[in-house]
Amino acid sequence: GAWGWALSRGLDLAERISEIDAKRSVVTGYSRLGKSALMAAARDERFAVCIPNQTGGGGAPLAKRDYGENISTENRSFTHWYCRAYAKYAKDPHKTLTFDQHLFLACVAPRALLVEGFGSPWFDTEGEYLAVKAASPVWELLTGSGLPKVAWPEDYDTSAIGNRLGYVRRSQEHGISAYDWNWLMDFADKAFGR
């Protein structure tokens, strides 16, 4: 949350610089900063495009799947990231959670959102895709266009990238790659009507 807040403060500064068109802002990051980018976009409507990358648990993947980086491992390994109340969902999240991450993603609508993943079971790429798919009706309602109607895409398959909502994944290492930057720029261009 603090990092998401800091991203908004950076946008405050960008708005004061006449050479920057802050209305065309893209917030991105990977891993913890991917979670932060999502938080910033969910809370600050000035971010026109959000492209979180490899967020892992607490970010884009559905928590109720209880797979990979899940509520239990998050509370055990990353106690400084989450409030104590979050731990009550660690046992049987599919029964105890009354919400899931697709609702978090939907907070970005109707602005543009592209979730980028990579092939590590820890980061639950299928859970990311399912969350985007579950959030898609919000974009459909607000913009008339949601996630393209395709199956969970293979690595490097861009068929699930729509005009305002999308999902893509790759192999390689944890971090932002040249593929990620290319997908980010192409998606932002579409969102800005270029």
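The values are calculated or read from the model by the stated rules, or taken from the named source; none is laboratory data. The model shown is predicted, which means the values in this text are computed figures rather than measured ones. Heads up, the Cβs are rebuilt from the backbone with ideal geometry, glycines too, and the neighbour counts pull from every protein chain shown. What goes into the accessible areas is simple: the full protein's heavy atoms, side chains included, and nothing from ligands, DNA or RNA. Shrake-Rupley method; radii C 1.70, N 1.55, O 1.52, S 1.80 Å.
Structure values in brief
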{"read-out": "Sites residue 32 and residue 163 - FRET efficiency at Förster radius 25 Å, r taken between beta-carbons, to 0.05", "value": "0.30"}
{"read-out": "Label-point separation in nm, residue 12 to residue 141, each point 7 Å along Cα→Cβ", "value": "3.2 nm"}
{"read-out": "Cα centre as origin, Lys/Arg/Asp/Glu Cβ charges: the stretch 41-194 dipole, Debye", "value": "540 debye"}
{"read-out": "Additional length obtainable on full extension of the chain from residue 186 to residue 45, 0.36 nm per residue less Cα span", "value": "48.6 nm"}
{"read-out": "Unit Cα scatterers, Debye sum, the stretch 70-194: log10 I(q)/I(0) for q = 0.17, 0.18 Å⁻¹", "value": "-0.96, -1.04"}
{"read-out": "Partner lysines for residue 91 [C-alpha distance under 16 Å; skip if fewer than 8 residues away on the same chain]", "value": "64"}
{"read-out": "Within-12-Å neighbourhood charge of residue 177 [Cβ basis; K, R +1; D, E -1]", "value": "-2"}
{"read-out": "Net charge, residue 134 excluded, C-beta distance under 15 Å - Lys, Arg +1, Asp, Glu -1", "value": "-1"}
{"read-out": "Centroid-to-centroid separation of the stretch 119-157 and the stretch 1-17 [C-alpha atoms, Å]", "value": "28 Å"}
{"read-out": "Inter-label distance for residue 149 and residue 76, nm, one decimal - labels placed 7 Å from Cα along Cα-to-Cβ", "value": "4.2 nm"}
{"read-out": "Exposure rule at most 12 other beta-carbon atoms within 10 Å, DSSP loop GluC sites (Glu not before Pro): the chain longest free segment", "value": "46-153"}
{"read-out": "List 65, 194, 76, ordered by accessible area with a 1.4 Å probe, largest first", "value": "194, 76, 65"}
{"read-out": "Contact order normalised by residue count of the chain, Cα under 8 Å, 6+ apart, percent", "value": "19 percent"}
{"read-out": "Cβ-derived FRET efficiency at R0 30 Å, residue 156 paired with residue 97, nearest 0.05", "value": "0.40"}
{"read-out": "For residue 170, residues with placed amide H under 5 Å, excluding near neighbours", "value": "117, 118, 119, 156"}
{"read-out": "Per-pair calculated FRET efficiency, R0 = 25 Å: residue 3 and residue 87 via Cβ, rounded to 0.05", "value": "0.75"}
{"read-out": "MRE, 222 nm, helices only [DSSP H, n ≥ 4, -39500 (n - 2.57), over the chain, to nearest 500]", "value": "-12000 deg cm²/dmol"}
{"read-out": "Intensity falloff of the stretch 30-90 expressed as log10 I(q)/I(0), Debye formula with alpha-carbon point scatterers, at q = 0.14, 0.17, 0.27 Å⁻¹", "value": "-0.41, -0.58, -1.13"}
